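Visitor: Below: one structure in structure tokens.
Each reported figure results from applying straightforward, stated rules to the coordinates on display, with no laboratory input. Given the structure is predicted, the values throughout are model-derived calculations rather than measurements. Note: ideal-geometry Cβ built from the backbone for every residue, glycine included; neighbour counts use all protein chains shown.
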Amino acid sequence: MKVFASRIVLAAGLAAGLMLGACESYEPGEVEKTNPKEPDVWDDWENRDTIFGKGGLNLFGDEVAPEGGGNLGVNSFLWRASLDTISFMPVNSADPFGGVIITDWHSTSESPSERFKLNVYILGRTLRADGVRVALFRQVRDAAGGWRDAAVPEGASTQIEDSILTRARQIRSATLVEQEN
């Protein structure tokens, strides 16, 4: 049995050595094109088409896209404005590529028997009035001390959306002024 195990270890070692040895001499510049008419992807790296759009994903770039899309999956002005507007609430999850911000339940000290939760959806890469949607949830404490769903005040979601849009326009204006200077 020991002989069989040692042979397996030896074979695995030889296979690993061969694989590593084959990779040793690879240099990116040495690759020859199989089709000379095909463009070289390394020549125009910044303008390549990817699943993240033209140029790919750049998390740490300092350039701002003209429409404020930045390098997120959604409009960066709407994203930052949403986070600013709901900053008083604890954020449960935030997905800048999908454009979803979900808060945890929040209640104020003035009204401890009532709590709210928000889901903010940023719907695109352009700064538009219909580019953000807010789902607002409300619960009240019942006589037994448990939470039960309650009606949301009429127009509350729209007011939050308007606040986010106003803040996004402020951020965009400040960014344009900085770029001009």
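Visitor: Kindly provide the set of residues from the range 130-161 that are in a helix (DSSP H, G or I) and of a type in the set (A, V, I, L, M, F, W, C), ordered by number.
Guide: Of everything in the range 130-161, those that are in a helix (DSSP H, G or I) and of a type in the set (A, V, I, L, M, F, W, C) turn out to be Ala156, Ile160.
Visitor: Moving on. Run down Arg148, Arg133, Arg115, Arg128 and say which single residue is closer than 30 Å to Glu180 by Cα and charged (D, E, K, R).
Guide: Arg128
Visitor: Somewhere in the range 162-169, is a residue among the polar types (S, T, N, Q), in a helix (DSSP H, G or I) and closer than 29 Å to Gly73 by Cβ?
Guide: Checking the range 162-169: at least one residue is among the polar types (S, T, N, Q), in a helix (DSSP H, G or I) and closer than 29 Å to Gly73 by Cβ.
Visitor: Within the range 102-116, count every residue that is in a strand (DSSP E or B) and free of Cβ contacts under 8 Å to residues at least 24 places away in the same chain.
Guide: 3
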